[in-house]
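Peer 1: Supplied in structure tokens, the structure appears directly below.
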Amino acid sequence: MTEPREVLYEGKWLRLVKIGQWESCERSHHASGMAVIVIAVTPQDDVLFVEQYRIPLGARTIEMPAGLVGDDHDHDSLEAAARRELIEETGWRPDKVDVLLIGPTSSGMSNERIAFVRARDLVKVGDGGGVDNENITVHAVPRAQAPAWLMQKQREGYELDLKLWAGLWMIEHNPDGSRVA
């Protein structure tokens, strides 16, 4: 039996709903409710991270490049969104992108799903920094030093997206545990 669904609030990007006694948040910008996180390593073996101030946390964060599918493009695919976001945020264009895994980000609170996308064969095409007022700082960190660098950033007061560790693992592994060829 389906519980009654009540829309409590709807904005441009989010909708707050009550289903039975459960309150949750839905992405309302695009039918898919999807986002992509881009795992990208430069030809110099540097992992690309982005730093930006996140209003909900009231803090600067370190993340992998990411973005919403369909935020400005009605017929967006996961691959197209990953390419666009990587270029906008970091200035690197991938020649190949592979969707690795799709799943919920916070299943008890939101319907948002995220796709891990591995970007390969990167070419530098710009400075990055994001669009509008994103004010993104790009960090290219040697892969071997990435975990230590992240922990240093945490000690400095940055918030770290926990998906970073899954992304670092997926540089060398496929979701089934096999090694990347």
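Peer 1: From the list Ala82, Ala140, which residue is out of contact with any Pro (no Cβ under 7 Å at 6 or more places or on another chain) and not in a strand (DSSP E or B)?
Peer 2: Step by step, each of Ala82, Ala140 is checked, and only Ala82 is out of contact with any Pro (no Cβ under 7 Å at 6 or more places or on another chain) and not in a strand (DSSP E or B).
Peer 1: Taking strands (runs of 3 or more DSSP E) that do not extend beyond the stretch 1-59, which have at least 1 residues that are touching a residue at least 24 places away in the same chain (Cβ under 8 Å)?
Peer 2: 22-27, 34-40, 46-54
Peer 1: Exactly one of (1) at pLDDT 95 or above; (2) in contact with a strand residue (DSSP E or B) (Cβ under 7 Å, 6 or more places away or on another chain) is unmet by Leu57. Its number?
Peer 2: Result: Leu57 passes all but (1).
Peer 1: Within the bounds of the stretch 80-99, is there any residue that is small (Gly, Ala, Ser), at pLDDT below 95 and more than 17 Å from Leu164 (Cβ to Cβ)?
Peer 2: yes
Peer 1: Further question: Does Arg83 qualify as being out of contact with any helix residue (DSSP H, G or I) (no Cβ under 9 Å at 6 or more places or on another chain), under 23 Å from Trp13 (Cβ atoms) and in contact (Cβ under 8 Å) with a residue 40 or more places away in the chain?
Peer 2: no
Peer 1: To continue, here is another question. Can Thr137 be described as more than 28 Å from Arg5 (Cβ to Cβ), in contact with a Gly (Cβ under 9 Å, 6 or more places away or on another chain), hydroxyl-bearing (Ser, Thr, Tyr) and outside the structural domain of Val17 (by TED's automatic domain parsing)? I'd like the intermediate steps shown before the answer.
Peer 2: On the way: more than 28 Å from Arg5 (Cβ to Cβ): yes; in contact with a Gly (Cβ under 9 Å, 6 or more places away or on another chain): yes; hydroxyl-bearing (Ser, Thr, Tyr): yes; outside the structural domain of Val17 (by TED's automatic domain parsing): yes.
The answer is yes for Thr137.
Peer 1: Here are some residues: Gly126, Gly130. Which one is exposed (fewer than 12 other Cβ atoms within 10 Å of the Cβ), touching a residue at least 12 places away in the same chain (Cβ under 8 Å) and either of a type outside the set (D, E, K, R) or not assigned by TED's automatic domain parsing to the domain that holds Pro43 (or both)?
Peer 2: Matching residue, one of Gly126, Gly130: Gly126.
The values are calculated or read from the model by the stated rules, or taken from the named source; none is laboratory data. Worth saying up front: this structure is predicted, and the values here are computed from it rather than measured. Neighbour counts run over all protein chains shown; Cβ positions are idealised from the backbone, glycine included.
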